[in-house]
Each structure stands twice: as C-alpha cells, then as structure tokens.
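Engineer: What follows is a single structure, and I will ask about it in a moment.
The values are calculated or read from the model by the stated rules, or taken from the named source; none is laboratory data. As the structure is a prediction and not an experimental result, all values here were calculated from the model. Quick reminder, even Gly has a Cβ in these numbers, built from the backbone with ideal geometry, and neighbours come from all protein chains shown.
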Amino acid sequence: MQAGLTFTLWKEIVMMLHIPGVLSREQVQAMRASLPASAWTDGKETVGEQGAQVKRNRQLPASSPLRQQLGDIVLAALARNPVFFAAALPLRIEPPLFNCYEGGEHYGLHVDGAMRKQHDGSYLRTDVSSTLFLCDPEEYEGGELVVVDTYGTHEVKLPAGDMIVYPSTSLHRVEPVTRGARICSFFWTQSMVRDDARRGMLFELDQTIQTLRGRIGDCAEVLTLTGHYHNLLRQWSEA
Ligand code: NI
C-alpha cells in the first residue's frame, strides 16, 4: 500500500507538477495589456528541424526588449517560489519566452532539444520544461498541453497565473486552438539533478520533511531526514 501511494505521488505530483499562483491576477493582467497583437512573430525561431515541421504558433522574438522585460517579471516570480525551487532544483534558467496560439494554431508531438545555445555562447541542458498560463481556460477552446510519459498521457490547461512543470525528456504537444487565443510563457531549466527520478525522489522527500516539521516540529528524526536530503543532493548534484 505504501509503495503504491508513493508511486502515485511521484507520478502525479512530481512528473507533472502544478504550481498555482506563480503570478498574481494583477501581474497577469498587466502582462496581457502590454502585449500588442503586432508583437508576435513565427514561433519557428527557437526550434530545431523536427520541431519546425510540426510547430504552428507565434512567439515574441527572443531578442525583443518586451520579451526581456516580461521574462524578468517571470524570473522574479520564480525566485520567490519555494515549490518551484524544490521541484526543479534550478542551476540555470533560460530567459522565459512567450507564445500565442489562435485560429487553429498548434504544436505537434515533439521532444524539446536537449542542449540550447545561450547568448553568451554557452549551452544550457534542458532538464525541466515549464509552461506558465497567461489566459484562463474559458477564454479559448482547445490548446491543451498534452504530455506523454512512461505512465500515460496527461492533458493540462490551467488558470491564468498557474504553471505546470514537467520533465523535458517527455514527448508533448499543444492541441489546436479553435476559439480565442492561448497565451503562455515557457522556459527551460537546467537542474542541479539531471535525472528525473532522482529529482522526483528529492522533491517528495523535501515536501514530506516540510509536512513533518509543521506537524511535529524540529525533532531529532526530522533533523536526520533533513540530513539525508542534503547528503543525497550532495551525491547527485552537478552544481
Ligand atoms: Ni516543447
């Protein structure tokens, strides 16, 4: 029974982690208001050969000042979010990008490129993918993010300001948007722990320790578990 429970938690909470309220309603509204229709260009800019064949959407150009300004707001929100830190264990985060799907636009099944060249010429390894929704589900039809992993197919469509975090090793797609527009921010994280399963176990251990600490305080057992968390992170981290 216990193993089954653990398996479920790992699969549902860690593989596809929903983090609510990464941005406030006010922040989402301000971002939306600053995005003119003319800001969007072809989304093929940031994709490799396989992705380009199945990608039909638009993005803010990576080099645009607006993309940078809005991306900085997302990065500041991530820095204040302990759940994102515990789940992704970020070593480096690529500056967030923004995309828009409407009028049937979609992104067919693909895998995100493993290594992404950065402005300074270095490479960032994509371990964790994140999508931060900037529109509410009622505003558009379709547009589900569909992630296919070892355990099946998961459909995601979240309230504005909420974020989904999932392993970059998964195949995924975005369904056609047949009414309204779907606007999201998305970005990749190189994690201190590249292995999805190890990162998942560390997250579950961390969350369990937090729960126990809240329930029974900093007793000797909680301290021991905390020690194991840090010693495992020390063994597995690449930072
Ligand atoms: Ni992708």
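Engineer: All but one of (1) away from the ligand (no atom under 12 Å from the Cβ); (2) free of Cβ contacts under 8 Å to residues at least 60 places away in the same chain hold for Gly103, so report the exception by its number.
Structural biologist: It fails just one condition, (2).
Engineer: Here is a further query. Among the numbered criteria (1) closer than 18 Å to Gly51 by Cβ; (2) touching a Gly at 6+ places or on another chain (Cβ under 7 Å); (3) of a type outside the set (Phe, Trp, Tyr), which one does Ser170 miss?
Structural biologist: The number of the failed condition is (2).
Engineer: Scan (1) farther than 22 Å from Leu158 by Cα; (2) modelled with pLDDT of 90 or more; (3) of a type outside the set (Ser, Thr, Tyr) for the single condition Val74 breaks and write down its number.
Structural biologist: Status for Val74: all satisfied but (1).
Engineer: Check Asp72, Asp112 and return the single one that is assigned to a helix (DSSP H, G or I), within 22 Å of Val22 (Cβ to Cβ) and charged (D, E, K, R).
Structural biologist: Asp72
Engineer: Kindly establish whether Gly71 is within 14 Å of the ligand (Cβ to nearest atom) and under 18 Å from Gly43 (Cα atoms).
Structural biologist: no
Engineer: For segment 98-141, which residues satisfy the criterion of being closer than 20 Å to Arg199 by Cα and at pLDDT 95 or above?
Structural biologist: Correct list: Ala114, Met115, Leu124, Arg125, Thr126, Asp127, Val128, Ser129, Ser130, Thr131.
Engineer: Restricting attention to segment 121-146, which residues are more than 20 Å from Ile93 (Cβ to Cβ) and crowded, with 20+ Cβ neighbours inside 10 Å?
Structural biologist: Within segment 121-146, Cys135, Gly143 meet the criteria.
Engineer: Applying the selection to segment 106-145, what residues are within 14 Å of the ligand (Cβ to nearest atom) and without any contact (Cβ under 8 Å) to a residue 40 or more places away in the chain?
Structural biologist: Once the filter is applied, which keeps residues that are within 14 Å of the ligand (Cβ to nearest atom) and without any contact (Cβ under 8 Å) to a residue 40 or more places away in the chain, segment 106-145 yields Glu144, Leu145.
Engineer: Turning to a different aspect of this structure: Please specify each residue of segment 176-219 satisfying the condition of being acidic (Asp, Glu) and under 15 Å from the mean Cα position of the chain (by Cα).
Structural biologist: If the condition is that a residue be acidic (Asp, Glu) and under 15 Å from the mean Cα position of the chain (by Cα), then Asp196 is the only one that fits.
Engineer: Within segment 33-68, how many residues are part of a helix (DSSP H, G or I) and either within 16 Å of the ligand (Cβ to nearest atom) or not assigned by TED's automatic domain parsing to the domain that holds Leu171 (or both)?
Structural biologist: Count: 10.
Engineer: Counting only residues that are in the same structural domain as Leu124 (by TED's automatic domain parsing) and more than 23 Å from Thr126 (Cα to Cα), which one in segment 173-230 is surrounded by the fewest Cβ atoms within 10 Å (Cβ to Cβ)?
Structural biologist: The qualifying residue surrounded by the fewest Cβ atoms within 10 Å (Cβ to Cβ) is Arg179.
Engineer: Give Leu91, Leu97, Leu70, Leu60 a once-over and let me know the one that is under 30 Å from Arg234 (Cβ atoms) and either surrounded by 18 or more Cβ atoms within 10 Å (Cβ to Cβ) or touching a strand residue (DSSP E or B) at 6+ places or on another chain (Cβ under 6 Å) (or both).
Structural biologist: Answer to the check: Leu91.
Engineer: For the subset of segment 155-179 comprising residues that are within 11 Å of the ligand (Cβ to nearest atom) and in a loop (DSSP other than H, G, I, E, B), which member is modelled with the lowest pLDDT?
Structural biologist: Looking at the filtered set, the residue picked out is Ser170.
Engineer: Quick check on my filter: what residues within segment 180-199 are within 16 Å of the ligand (Cβ to nearest atom) and of a type in the set (Ser, Thr, Tyr)?
Structural biologist: Listed by number, the residues that qualify are Ser185, Thr189.
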